[in-house]
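Each remark here refers to the structure printed beneath this line.
The values are calculated or read from the model by the stated rules, or taken from the named source; none is laboratory data. Being a predicted model, the structure only gives us computed values, none of them experimental. With ideal geometry, Cβ positions are generated from the backbone for all residues, glycine too; neighbour counts draw on all protein chains shown.
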Amino acid sequence: MPDKANNRKKEANKPAPAKKTNNMEMKEGHSIGIVELLIFIILAGVIFIFIFGMKQMQEEKEKELLAEKKFEQVLPNFTLISNLAKEYQKNDPFASWPSMIEEIIDPAKVNTPEFKFSFQENGTVIMTTTKEFGKEGIKVTYDIAKNTYDIEDPNPEVKPTIKEDWIYQ
């Protein structure tokens, strides 16, 4: 009988089997997880959007300044045409406005490749943009009697546009 008791002790003294390691555990070293990779990609995307967005805004601002400069060059033509039209009206026996711009000034003196001027019998000067301006069909109307400007843009969402701020500077 003593042999049976010794056998039991031998079985009890056996070392416990080694635990299986989980493959999902982090290994020692410098490995990057999915979360860190996603954070890096998001940060890179934000930086990319910011840099190129700022560059696009700068280009749009330059184009707007160029359009404003072109418009400011012809803005005095409204005053020139209106003064000539007032003089014409003063000298007319019926005090009527000229029927067309050619009666008061040579259109070549006020027209540019970007802007074309016209005059209507109701005392308004109309400037219309051409393709060379960047967008055709914007009309700026100056009413001589009321001394007011009106801007008609057929598609104000498309650039370039003419802003009211440019007129009243």
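For this structure, a couple of remarks:
- Of all residues in the stretch 99-115 being among the hydrophobic types (A, V, I, L, M, F, W, C) and surrounded by fewer than 16 Cβ atoms within 10 Å (Cβ to Cβ), the one that is farthest from P76 (Cα to Cα): M100
Table: residues versus (1) free of Cβ contacts under 8 Å to residues at least 40 places away in the same chain; (2) not acidic (D, E).
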site	(1), (2)
L80	yes, yes
A85	no, yes
K90	yes, yes
A145	yes, yes
T161	no, yes
D165	yes, no
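- Subset of the stretch 108-143 that is part of a loop (DSSP other than H, G, I, E, B) and without any contact (Cβ under 8 Å) to a residue 24 or more places away in the chain - its residue that is farthest from T161 (Cα to Cα): N111
- Residue tally, condition crowded, with 18+ Cβ neighbours inside 10 Å and modelled with pLDDT under 95, over the stretch 124-134: 1
- Per-region count, the stretch 56-93, residues loosely packed, with under 15 Cβ neighbours inside 10 Å, under 26 Å from the mean Cα position of the chain (by Cα) and not charged (D, E, K, R): 6
- Restricting the stretch 151-160 to residues that are surrounded by 14 or more Cβ atoms within 10 Å (Cβ to Cβ) and closer than 21 Å to T124 by Cβ, the residue that is nearest to the chain's Cα centre (by Cα): D153
- The lone exception for S96 - which of (1) of a type outside the set (D, E, K, R); (2) over 40 Å from the mean Cα position of the chain (by Cα); (3) at pLDDT below 90; (4) in a loop (DSSP other than H, G, I, E, B) it fails: (3)
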